Amino acid sequence: MALQPFLALGAILFAIGAYGALTKRNLIIVLISLEMMLNAANINLVAFSHFGKTPHVAGQVFALFIIALGAAEVAVGLGILLAFFRMRNSADVKDASAMKW
Amino acid sequence: MFFGMPLTGQTVSFFLLALLIIASGVMLMTLTKVMHMAVALAGVFLGVAGIFILLGADFVGMAQILVYAGAITILMVFALMLTQKGDDTESPEASTGRSLLTLLGVVVFTGIMLLVLRGTTWPYSQSAVDPYTQPTVVLIAQSLYHTYTIPFELLSLILTAALVGSVVIARKED
Amino acid sequence: MFSWQATPLRPLTLLGMLIGVVVVLALVLGIVTYLIYFERKVIGWMQGRIGPNRVGPLGLLQSVADVLKLLIKEDIIPANADRALFLLAPVIAFVPSFMVLAVIPYTASHIFTANLNVGLLYYIALSSLTILGIVMAGWASNNKYSLLGGMRSAAQMISYEIPLGLSVLGVVMLAGSLNLVTIVQHQATDRFGWYIIPQIIGFVVFMIAALAELNRTPFDLPEAESELVAGYFTEYSGFRFAFFMLSEYVYVFAISALATTLFLGGWAGPFLPSWLWFAIKTSAIIFFLFWVRATMPRMRGDQLMSFAWKVLIPVALFNVVLTGALSLIG
Amino acid sequence: MTGLAWLVPVLPLAAYVLLLIGGRRLAEGAVTSIAVLAVAASFVISLAIMIQVALHGPQPAVTFPWLVLGSATISFGFEVTSLNAMMLVMVSFVSALVLLFSRGYMRGDARFARFYQYLSLFVFAMLGLVITSNLLEFYIFWELVGVCSYLLVGFWYFKPEAAAAAKKAFIVTRIGDVGLFVGMILLYLGFHTMNFDTIFYGQAVSSPYTMAHGAPALLFAAHALTGPGIHALPYGLAPAAFVTLTALLVFVGAVGKSAQFPLHVWLPDAMEGPTPVSALIHAATMVAAGVYLVARMFPLFQASPAASDVVAIVGGFTAILAALIGLTQHDIKRVIAYSTVSQLGYMMLALGVGAYVSGIFHLMTHAFFKALLFLTAGSVIHAVETQDLFEMGGLRKLMPLTNAAFLAGALALSGIPPFAGFWSKDEILSAAFSSGNYVLYAVGLIAAFCTAFYIFRVYFLTFGGEYKGDRHPHEGGLAMTIPLTALAVMATVAGFFNTPWAPWIANFLQDRGAVGYDPAVNWGLMVVSAVVGLAGIGLAYYAYGAPGRAQRMAQKSGFLYTLSFNKFYFDELYDRIVTRPIRAIAEALGFVDRWIIDGLVRLVSGGVYTGGAGLRYGNTGQIQTYGLVTLFGVAVLLIIAAGIGGVL
């Protein structure tokens, strides 16, 4: 196995996630799509940690960091989402548009 | 031989997992029922975990299953259930034009990425299945507690803050 | 060591793998069948009844008959159910329970067993996948009892997974490895002997959390017959129902095997062959689980969560700190 | 003891800091004690230093490097010479008494502690100015003195006159400061140093002094005109022109600070401040700084006869001008203020004709009797609560101590033997006479006559006759009477420190060589000046001894009276020729700034604002739209990167 297939997989997964994050209306699905993009990045990190001239475990460590940060992000994101839902009775991205002029 | 690659267990597993990931991802984008999406999501996460294990990163793979497939998916399901309003289908899609535009952008992006990947000479990879001299758990532990001690501790701080913060944010106003 | 990744994939290799899987599956089915029989007998004995005694000698074929009955029953899918998920859920619930068996070291030579470096983590990670199947089942049935049961189950299992994971940390710290084989080997040379002695706090927390993970009495709120009919599998019948029961009992076996591995020295023991020692210890744990079921009342719903978060997790964390301190001193 | 000289300015500074921190919480007595004790301690140390200097001669400067600019090092330090040892004693003595007097004068003021705080800072600044060894440091303290005067003159800032007077004092003295600053820069360019010693002698003078300060004027001239500095003089100036130019620029600073013509207008207005402040400014601190500056830079003036002549002429003109204005003023403090201007003119006159010792001696005696006059005036104002001479009268019986003290001060000012002023003023006059400046001598004599007249006019109007007000004037408390007594004694006897037959101060200041011009004893001139002073007193008694006679005299002089009463219209003149044109220019520039420059700025800001208002419609709040735009941006960047050929 070579490096490219893994990177290609990462790119495709990232693209799918980006598409979801940009088109889905449900905030939870958007959040899920973001997690997919993080996963795509992780694939790259781990792939580079395995292949390359001097394989090093640092890539895996960073993937672990990203996993932990993703978990934190989901926790906070869902907290915000619940508060938002309670306030607006909606989980639609379109309704979260107070941050404009 | 398969696309110029030897047909080993690794190759086959990779293509199966890639198929699982991409199929689940596409399903996630196309399905309308949120619970179905959750299943597709689990598929993506498990597939990624499989890729990790395939790459010899068994600890990261397990963490991926534990955190993403186990915890985050369930959390998402909970959130979906909590925010449902009678109908269990997802709220209407963005406008078709918008979706097509996004699709175009995404396809262009991916296309360029793939072209670049193809055109770049990567520092060549050795073919050994397991490039590490020690179990990855040991390597990761040493790395975490020597090289990355400060980031590791900061991470625990972030997790604590996220825990407390999400509780505070989501708590009902009394 | 056999590396499946580097070996070219030939039909024969694939066949070998498949045969191995089928053998383990058959073995597991046999074990589960007699687990059910064992449970009914034990509880019957404790309650002053006789238990199954009609089918076969001493009722030994009772469970076989039950399984056969389930397999030939009509497969009912409720009209308002989400068909795809309804069909998928038992599979999602069962597959992880079967997969976790792969890392348990049954014997000194551990045939069929993957000598994984992250074996313990593998067990905990995969077992968490079952929750998804349970939630799916509860939701797909489109039945309020099922949904409530599924939600309760998910909440309970997620909450108790944390003390479960924390309670085994002490063992990991003592052994210095996540590899279950290594853990067993370490227990043979540890100055305290089996880890149940230095890790008694961990063991207690582990057993309580395991009971909760298994949805067994006294933590059987998700499938409390008197409240929720049958919880998340209320709508299930026939062999799909059997799948859920199967996964439950496989987990009973698996968690007992894990407890044996972690705390009771695994296969180690004098005179007898190692697999037999393993079987004896596992049976003892299983007997303990049935014993608890026969004697304990169900826990109150409002105490369930606070017990996990306010009692078990602090105790497990204390155990971690204690173990660390002790190993620093020692 | 000279090693401890730095304590002299630091003690008032410590008092200032202490009052700054805790002043509001302390009782008035405690505040007074802190400030007075600090300054009194400074006085004791100064006295010890002066004795030390008298016995062992001056000590070398103690310096620390402060700024290193390229090859030049600006140091920071202090030194003790006979001149500044004497100044330290004088300043700290008068300041301590003024501080004590303020206890009674300012009693009950809401910002009592603040007042003492400013006073302490003021004293610190003046003592620091005196003791410094370096021109830049001198300038810093010089400006600090200016700031303190601003704060103190405007202490009652709620009075519009006080606020205006504070501003006027600050701005007018600043005009002079510009001259000093330019002179300072020129000196630095010429000599590459700021140290007084190095400027004057080409090197730091080592201990012990082989010559007293100021003595080697010729040595300085030799150094400046022919020494190594000759190549480095800026702007290609000839050495003689350079010295004259710098001396004149330095003198401009002194003119501003010491209220010499034509920058004398601020000092009388500064009367709006509390009277102890006036006493301090007029006697010991502010105006003395200008004279001290000229004295400190005396070698420079000695080296330039032209500059010295300018100093003498300006001094003489100021002396007569201020004396003439003082003849007719109605405000008791204003009369004394013009008298200060006049007396400062005498000092400048002395320094200009080369009578270094006489100038310093007069500075000292003047400090005593002028502080005394102001404090007695303060005591009177405190008692009758008016400053108008024509509303007073008859205080001789009501306030006998004040009367005696004022009389001592007035006699000293008038130059009646044996009071202090006689000895010092006579020295100046005889120096002017014997140096051949007969015109200046005549001017000084006329000014002396006027001086005697106006101060006794004040005396007769205030203390003679009957009391015209409706209050019950009485003496102030001990805090007011003790300083009055001490100063009255000094005003009476201070002249004996430097009599022609026992020139102690002259010896002290120039104990190892001659400084400038040392007048010989001239009994004839002494008699003349004493007679002139007595004549002035007699005229005053004639005019104000009987009511109504003064008015008739005023009417008879007509035009001249009006001119004097209106201070020769200097304020109006300055308003016409300086203030108004400048204001017109400023308004024109303001118009350009407000409408043309600001207009451009507003045009730009308006354009940006309008553009922003348009662009904000693109800001929909829809995060997915932003994300989409970002995605396309990244895609474009990737295309560019791939086209260039692999930035990745």
Determine if region D:387-397 includes at least one residue that is of a type in the set (Phe, Trp, Tyr) and within 19 Å of the chain's Cα centre (by Cα). no
Being out of contact with any Pro (no Cβ under 7 Å at 6 or more places or on another chain), part of a helix (DSSP H, G or I) and open to solvent by 20 Å² or more (accessible area, probe 1.4 Å), is that true of even one residue in region D:367-379? no
Considering A:ALA91, A:ALA11, which residue is open to solvent by less than 40 Å² (accessible area, probe 1.4 Å), over 22 Å from D:ILE623 (Cα atoms) and of a type in the set (A, V, I, L, M)? A:ALA11
Helices (runs of 4 or more DSSP H) wholly inside region C:159-252 containing at least 2 residues that are hydrophobic (A, V, I, L, M, F, W, C): C:169-175, C:180-189, C:200-213
Filtering region C:49-70 for residues that are farther than 13 Å from C:GLU39 by Cβ, touching a Gly at 6+ places or on another chain (Cβ under 7 Å) and open to solvent by less than 50 Å² (accessible area, probe 1.4 Å) leaves a count of 1
Would you confirm, using the coordinates I've provided, whether C:SER127 is hydroxyl-bearing (Ser, Thr, Tyr) and closer than 25 Å to B:GLY50 by Cβ? yes
Selection from region C:121-151 of residues within 12 Å of chain B (Cβ to nearest Cβ), over 17 Å from the mean Cα position of the chain (by Cα) and in a helix (DSSP H, G or I) yields C:VAL135, C:MET136, C:ALA137, C:GLY138, C:TRP139, C:ALA140, C:LEU147, C:LEU148, C:GLY150, C:MET151
Check C:VAL23, C:VAL55 and return the single one that is of a type outside the set (Phe, Trp, Tyr) and in contact with a helix residue (DSSP H, G or I) (Cβ under 6 Å, 6 or more places away or on another chain). C:VAL55
Is it the case that C:THR107 is farther than 17 Å from C:GLU213 by Cα and in contact (Cβ under 8 Å) with a residue 40 or more places away in the chain? yes
Of the residues in region D:148-197, those that are among the basic types (Lys, Arg) and over 24 Å from D:VAL341 (Cα atoms) come to D:LYS159
Do we find that C:THR234 is of a type in the set (Val, Ile, Thr), in contact (Cβ under 8 Å) with a residue 24 or more places away in the chain, closer than 30 Å to C:LYS69 by Cα and open to solvent by less than 60 Å² (accessible area, probe 1.4 Å) in this structure? yes
So, restricting to helices (runs of 4 or more DSSP H) that lie completely within region D:418-506, which ones have at least 3 residues that are over 29 Å from D:PHE101 (Cβ atoms) and either open to solvent by less than 40 Å² (accessible area, probe 1.4 Å) or in contact with a helix residue (DSSP H, G or I) (Cβ under 7 Å, 6 or more places away or on another chain) (or both)? D:420-434, D:438-463
Please give the number of the condition D:ILE644 fails out of (1) among the β-branched types (Val, Ile, Thr); (2) loosely packed, with under 10 Cβ neighbours inside 10 Å; (3) touching a Leu at 6+ places or on another chain (Cβ under 9 Å). (3)
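Here's the yes/no breakdown for (1) open to solvent by 50 Å² or more (accessible area, probe 1.4 Å); (2) at pLDDT below 80:
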residue: D:THR2; (1), (2): no, yes
residue: D:LEU18; (1), (2): yes, no
residue: D:VAL36; (1), (2): no, no
residue: D:PRO60; (1), (2): no, yes
residue: D:GLY77; (1), (2): no, no
Quick check on my filter: what residues within region C:175-212 are open to solvent by less than 20 Å² (accessible area, probe 1.4 Å), under 19 Å from C:LEU312 (Cβ atoms) and not small (Gly, Ala, Ser)? C:TYR195, C:GLN199, C:VAL205, C:PHE206, C:MET207, C:LEU211
Tell me which residues, restricted to region C:152-170, are more than 12 Å from chain B (Cβ to nearest Cβ) and surrounded by fewer than 21 Cβ atoms within 10 Å (Cβ to Cβ). C:LEU169
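The rows are residues; the columns are (1) out of contact with any His (no Cβ under 8 Å at 6 or more places or on another chain); (2) modelled with pLDDT under 85; (3) more than 7 Å from chain A (Cβ to nearest Cβ).
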position	(1), (2), (3)
B:TRP122	yes, yes, no
B:TYR148	yes, no, no
B:SER156	yes, no, yes
B:ALA162	yes, no, no
B:GLY165	yes, no, no
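For (1) in contact (Cβ under 8 Å) with a residue 24 or more places away in the chain; (2) charged (D, E, K, R); (3) farther than 26 Å from D:PHE565 by Cα, each residue gets a yes or a no:
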position: D:GLN260; (1), (2), (3): yes, no, no
position: D:LEU263; (1), (2), (3): yes, no, no
position: D:ALA270; (1), (2), (3): yes, no, no
position: D:GLY273; (1), (2), (3): yes, no, no
position: D:ALA284; (1), (2), (3): yes, no, yes
position: D:PRO299; (1), (2), (3): yes, no, yes
position: D:ASP309; (1), (2), (3): yes, yes, yes
position: D:THR318; (1), (2), (3): yes, no, no
Against the condition among the β-branched types (Val, Ile, Thr), at negative phi and at pLDDT 90 or above, how does A:ILE29 come out, does it pass? no
Suppose we filter region C:71-106 for residues that are touching a Gly at 6+ places or on another chain (Cβ under 9 Å) and either assigned to a loop (DSSP other than H, G, I, E, B) or open to solvent by 80 Å² or more (accessible area, probe 1.4 Å) (or both); how many remain? 9
Collect the residues in region D:388-403 that are among the polar types (S, T, N, Q) and in contact with a Lys or Arg (Cβ under 6 Å, 6 or more places away or on another chain), keeping them in residue-number order. D:ASN403
Inspect all residues belonging to region D:328-335 and state whether any of them is in contact with a helix residue (DSSP H, G or I) (Cβ under 8 Å, 6 or more places away or on another chain) and within 24 Å of D:PHE251 (Cα to Cα). no
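The values are calculated or read from the model by the stated rules, or taken from the named source; none is laboratory data. Predicted model, so just to flag it, every value in this text is computed and none were measured. Because the Cβ atoms are built from the backbone with ideal geometry, glycine has one as well, and the counts that use them run over all protein chains shown. The area values use the complete protein model at the heavy-atom level, side chains included, leaving out ligands, DNA and RNA. Shrake-Rupley method; radii C 1.70, N 1.55, O 1.52, S 1.80 Å.
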